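Okay, structure first, notes after.
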Amino acid sequence: MLIPGLTRLLRGSWEVRGWFVTAVLGAIAFALLQIATSAIIGRVTEQVIVPSFSAGDVAGGALALGGLAVLGIAVARAIGVLTRRVFAAASQYDLFRIYRERLVTVYARVPLLWHRRQSTGTLLSSVYADVEAAFFAMAPFPFALSTMVMLVYATIVVARIDPVILLVMLALIVVLVVLNILLQRYAAPIAVQSQQLRAEVAQIAHESFDGANVVKSLGRESVEEARFADATERLRRNGIRFGYVRGWFDPTIDALPNLGILAVAVLGAWRIGEGHLTTGQLVEVSYLFTLMSLPIRSFGWVLGDLSRTVVGGGRVQQILDVPDTREHGTATLPPGPGTLRFENVSFTYRDDPKDLVLGRTTSLADQRTRISDALHDVTLSADPTGGSRVVAVVGATGSGKSTLALLAARLADPTRGRITLDGVDLRDLTHDALTTEVALVLQQAFVFDGTVRENVTLGADIDEDTIRWALRIAQADGFVDDLDGGLDAELGERGGSLSGGQRQRIALARALARRPRLLILDDATSACDPSVELAILDGIRRELTDSTLLLVAYRKSTISLADAVVLLEHGCVTAQGTHEQLRADVPAYRALVDAYDEAAIAHDLLEADGDRADGHKTDGDSTDGHKTDTDGADGDTTDGQKEAQR
């Protein structure tokens, strides 16, 4: 742990070398002034105090001069301490900032599938606890380095005064090294476990907060409390174990200078009697050992935290080393209608999370032996010039619909085959070309803690007319205008003030405002009533005439709006055609879409000619007659409705 820990600290020091070098210079100045103080006190003792006792007369002028010299050095030492502390803290917190920014950059650039294999709590713990552990020892590190300078210089001074007392200093250094070896041996495993437990605590807390609705609705508060209490108790016990280890290390380090002073006093008295040492020299050496107490403690602080430095830094570096397998090309899209083609596309999910976390790769053959393809040899097209501008993808749960949507948006790359947009492979597009021309809206809509305007633009330069146009197409303008503040209304964390359908429509407006060439909707209107969904899709067809629409759908009324329908079964395309053709000629397709309607009928949710089964018009109410939205009339369905329709 000693060499890896010091290496990591030195690398970090180089990254903030401006701050760090200034801190080290301040620390070295303090250390040298400490030694100078001991030399002045020794000379005052030798040349003023001892002669005054012998002569019975105090030399006031010489004593005052010595006092002024000590005072001047004390002021200079204070300046050195201030410089060291300020710039050491700047080094530490600057490193916190640098590595947190690097981690977030990795989180942003790695493939979406990598995130799906990681624990959110672990990723959050890396940003906070692991980064702080990696550079916690940076604050005392400049002081510890100055201690090395001080020890070298003090060794020269003591060797010049008396070689016997020098042995005491060398013995202290040896004991310090031995203590560090013992500390690392016992503390390192505990530090590793502590960082893992911190990540576990963060993960459980995040899950409890994120799933608050589930926890409360099912009355599982006590279970979550017990789970969290168990994790925190294990972290507490582990922290106490680490405290036990540090409990014997820190006092021993603190005792070393005092033991040295005691040994110097005993040896010094003997050496004075032998005539090898003067009283002033003994006072100088004793005071020097006294001054070395705090610097030696600082060295002990660094050594004591090296295990955390190695463990925390290793966990951070493990994430920083994750390769970005989704490299972008240099091509831009030529003018075109937005023709999307899948050409013999297959995709395999790797089943070993360590392959991505640790940056390892496996051969394609190995992947095939462990898990079957999520998509296999898929060939389809959405071609506005060929009459298929709107393509619906239909299939049972687990058939590969969402995987196909992720590949079309290039959130993952196919294992085999290629996907093109207007003849250009998606892997050849620049990042800007891809994100500008392709937009994906998922079923789980994410709303940021900000205003409606901020959620639609996400920092892009989009004028208000375009924002309102997008909200209108997404059937969101009505409830947005009713919000207190309209476009500038605060939506709260994850859009907590909105219903599920409202959040979906905000996310849809976000994509529409960019007027993408390819718009992919992965069940993106599932929380809306069928009438609202039809109005949204009709508006997209009518007003986004330059956009191709790839639609993952399950409602018969929605599917019927598509120009072409693709049936996916077990990752393979088994049929393509219009809704009417497939329903007439493909029994599996007919059974699937009819099953959705039968489930809806069973729950009294299916609309027939715009009327409900009980003869009342559908206006966004749920089956119990109560409004399902927070505003009471935005046309969103309940969770029970969605389950029935699935």
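The values are calculated or read from the model by the stated rules, or taken from the named source; none is laboratory data. Note that the structure is predicted; figures quoted are calculated from it, not measured. FYI the Cβ positions are ideal-geometry reconstructions off the backbone, even for glycines, and counts take in every protein chain you see.
For region 420-428, check the following and say yes or no: at least one residue is over 20 Å from V391 (Cα atoms), out of contact with any Gly (no Cβ under 8 Å at 6 or more places or on another chain) and surrounded by 15 or more Cβ atoms within 10 Å (Cβ to Cβ). Lay out the reasoning, then the answer.
First pass over region 420-428, keeping only residues over 20 Å from V391 (Cα atoms): 427-428.
When the remaining residues are screened for being out of contact with any Gly (no Cβ under 8 Å at 6 or more places or on another chain), the result is none.
Scanning region 420-428, I find no residue that is over 20 Å from V391 (Cα atoms), out of contact with any Gly (no Cβ under 8 Å at 6 or more places or on another chain) and surrounded by 15 or more Cβ atoms within 10 Å (Cβ to Cβ), so the answer is no.
Would you tally the residues in region 106-123 being among the hydrophobic types (A, V, I, L, M, F, W, C), under 12 Å from the mean Cα position of the chain (by Cα) and surrounded by fewer than 16 Cβ atoms within 10 Å (Cβ to Cβ)?
Counting residues in region 106-123 that are among the hydrophobic types (A, V, I, L, M, F, W, C), under 12 Å from the mean Cα position of the chain (by Cα) and surrounded by fewer than 16 Cβ atoms within 10 Å (Cβ to Cβ) gives 1.
Residues in region 194-216: is at least one within 30 Å of G280 (Cα to Cα) and touching a helix residue (DSSP H, G or I) at 6+ places or on another chain (Cβ under 7 Å)?
Checked against the condition, which is being within 30 Å of G280 (Cα to Cα) and touching a helix residue (DSSP H, G or I) at 6+ places or on another chain (Cβ under 7 Å), region 194-216 yields no hits at all.
Answer yes if at least one residue in region 531-539 is in a strand (DSSP E or B), in contact with a strand residue (DSSP E or B) (Cβ under 9 Å, 6 or more places away or on another chain) and either modelled with pLDDT under 90 or farther than 14 Å from A474 by Cβ (or both), and no otherwise. Give the steps one after another, and end with the answer.
In the first step, residues of region 531-539 are kept if they are in a strand (DSSP E or B); the result is none.
Scanning region 531-539 turns up no residue that is in a strand (DSSP E or B), in contact with a strand residue (DSSP E or B) (Cβ under 9 Å, 6 or more places away or on another chain) and either modelled with pLDDT under 90 or farther than 14 Å from A474 by Cβ (or both).
Could you list, in sequence order, the residues of region 540-561 that are assigned to a loop (DSSP other than H, G, I, E, B) and within 21 Å of E437 (Cα to Cα)? Talk me through it step by step, then tell me what you get.
Step one: list which residues in region 540-561 are assigned to a loop (DSSP other than H, G, I, E, B), which gives 544-547, 553-555, 560-561.
Hits for region 540-561 are L544, T545, D546, S547.
Determine, yes or no, whether G571 is among the small types (G, A, S) and either in contact with a Cys (Cβ under 7 Å, 6 or more places away or on another chain) or at pLDDT below 85 (or both). Walk me through it before giving the result.
On the way: among the small types (G, A, S): yes; either in contact with a Cys (Cβ under 7 Å, 6 or more places away or on another chain) or at pLDDT below 85 (or both): no.
No.
Restricting to region 452-498, name every residue that is small (G, A, S), touching a residue at least 60 places away in the same chain (Cβ under 8 Å) and surrounded by 18 or more Cβ atoms within 10 Å (Cβ to Cβ).
Filtering region 452-498 for residues small (G, A, S) gives 459-460, 470, 474, 476, 478, 485-486, 489, 492, 495-497.
Subsequent filtering for residues that are touching a residue at least 60 places away in the same chain (Cβ under 8 Å) retains 474, 478, 497.
Hit for region 452-498 is A474, nothing else.
Show the residue pairs meeting these rules: Cβ distance below 9 Å; 6+ apart or different chains; first residue within region 298-315 and closer than 14 Å to D250 by Cα and in a helix (DSSP H, G or I); second residue at pLDDT below 80 and of a type in the set (F, W, Y).
Every condition considered, the pairs that remain are G300/F249; L303/F249; G304/F249.
Those residues that are charged (D, E, K, R), more than 20 Å from L407 (Cβ to Cβ) and at pLDDT 90 or above, I need them from region 433-460; list them, please.
Here is the first cut: in region 433-460, the ones charged (D, E, K, R) are 437, 449, 453-454.
Within this subset, residues satisfying the condition of being more than 20 Å from L407 (Cβ to Cβ) are 449, 453-454.
Of everything in region 433-460, those that are charged (D, E, K, R), more than 20 Å from L407 (Cβ to Cβ) and at pLDDT 90 or above turn out to be R453, E454.
Checking S293 against (1) surrounded by fewer than 18 Cβ atoms within 10 Å (Cβ to Cβ); (2) closer than 29 Å to A139 by Cα; (3) modelled with pLDDT of 80 or more: exactly one of these is not met. Which one?
(3)
Would you please list the contacts, defined by Cβ atoms under 6 Å and residues six or more apart or on different chains, that run from a residue in region 562-581 that is in contact (Cβ under 8 Å) with a residue 60 or more places away in the chain to a residue that is in a strand (DSSP E or B) and small (G, A, S)?
Within 6 Å, the pairs are A562/A392; V565/A392; L567/A575; L568/G395.
Hey, among the residues in region 583-617 that are surrounded by 16 or more Cβ atoms within 10 Å (Cβ to Cβ) and either more than 46 Å from the chain's Cα centre (by Cα) or β-branched (V, I, T) (or both), which one's modelled with the lowest pLDDT?
R612
Based on this model, can you work out whether A199 counts as touching a Gly at 6+ places or on another chain (Cβ under 9 Å), in contact (Cβ under 8 Å) with a residue 24 or more places away in the chain and under 24 Å from L306 (Cβ atoms)? Reasoning before the result, please.
Numbers: touching a Gly at 6+ places or on another chain (Cβ under 9 Å): yes; in contact (Cβ under 8 Å) with a residue 24 or more places away in the chain: yes; under 24 Å from L306 (Cβ atoms): yes.
For A199, the condition - touching a Gly at 6+ places or on another chain (Cβ under 9 Å), in contact (Cβ under 8 Å) with a residue 24 or more places away in the chain and under 24 Å from L306 (Cβ atoms) - is met.
Mind counting the residues in region 436-456 that are farther than 15 Å from L483 by Cβ, part of a helix (DSSP H, G or I) and out of contact with any strand residue (DSSP E or B) (no Cβ under 9 Å at 6 or more places or on another chain)?
1
Surrounded by fewer than 12 Cβ atoms within 10 Å (Cβ to Cβ) and of a type outside the set (V, I, T) - does that describe any residue in region 275-286? Spell out how you get there, then give the answer.
Going through region 275-286, the residues surrounded by fewer than 12 Cβ atoms within 10 Å (Cβ to Cβ) turn out to be 275.
Filter once more, so that each one left must be of a type outside the set (V, I, T): 275.
Within region 275-286, one or more residues are surrounded by fewer than 12 Cβ atoms within 10 Å (Cβ to Cβ) and of a type outside the set (V, I, T).
Would you confirm, using the coordinates I've provided, whether D465 is within 27 Å of R542 (Cα to Cα), in a loop (DSSP other than H, G, I, E, B) and not basic (K, R)? Let's see the steps before the verdict.
Working: within 27 Å of R542 (Cα to Cα): yes; in a loop (DSSP other than H, G, I, E, B): no; not basic (K, R): yes.
It is false that D465 is within 27 Å of R542 (Cα to Cα), in a loop (DSSP other than H, G, I, E, B) and not basic (K, R).
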